[in-house]
Every structure is written in structure tokens, then in C-alpha cells.
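Engineer: Here you go, one structure.
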Amino acid sequence: MHMDHEHVGSCGEHHHEHHHDHEHCHGSECGCCGSCEHTPMEELTALMKYMVGHNASHAQELANLAKQLEAAGEKMAYEQVMQAVSDFEKGNMRLSMVLQSLAK
């Protein structure tokens, strides 16, 4: 299922269509936890968690797009998109390591 939605955060706003299996709760949105009493570090950690999940979702979408390119006979495009997926995953792994260090 594809849904239109917006992501609004400290980095600005962008619009795109796709489905995510993660919560869109960060910053000033209190509906997810029922409380507005968070330290700045708790808010940063929550935003980092959100971004890691968000990035993983986009990496999967790119891998699916690459498979479609391969099926269409676009081998070079497939290879380039898969390299981008690998780069995306490496960056996300670094973010995950930061998140783990913040949790300690």
C-alpha cells in the first residue's frame, strides 16, 4: 500500500509516496508517548532512532527498484543503484553505532 505523507523536521520538509513500518514521532509530537517531558538528549536519541528506521526503509525501496531495473535489462543501472544501497546501509550502520553509544 502506498500512502502520501510528509516528513517535517528540523531539516525542512519533503514530500514523497511510500509506506513505512515505523512511527513518525519525534520532536514536538507527543501523541506517541503521551508526554512532553523529554530531555534534549532523549529527543535527539528518539530522532536518531527514527532516522535509522527511515533510512532502512529507503534502502529496501532502492533495492526493490534495482531489482526492477535488472529485470528490465538495465544491468549498469542495477549495479549503480545496488552500490548506492550499500553506501546507504554503511551510513546507516554508522548512525546505529552512534545510537548505541548514546544509549549507554
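The values are calculated or read from the model by the stated rules, or taken from the named source; none is laboratory data. Predicted, not measured: the structure shown is a model, and the values here were computed from it. With ligands, DNA and RNA removed, areas are computed over all heavy atoms of the protein, side chains included. Shrake-Rupley method; radii C 1.70, N 1.55, O 1.52, S 1.80 Å.
Engineer: Could you list, in sequence order, the residues of the range 61-104 that are open to solvent by less than 80 Å² (accessible area, probe 1.4 Å) and outside any helix (DSSP H, G or I)?
Structural biologist: Passing the criteria: 72, 73.
Engineer: Now a separate question. What are the residues in the range 52-102 that are among the β-branched types (Val, Ile, Thr) and closer than 23 Å to residue 42 by Cα, if any?
Structural biologist: Filtering the range 52-102 down to residues among the β-branched types (Val, Ile, Thr) leaves 52, 81, 85, 98.
Hits for the range 52-102 are 52, 98.
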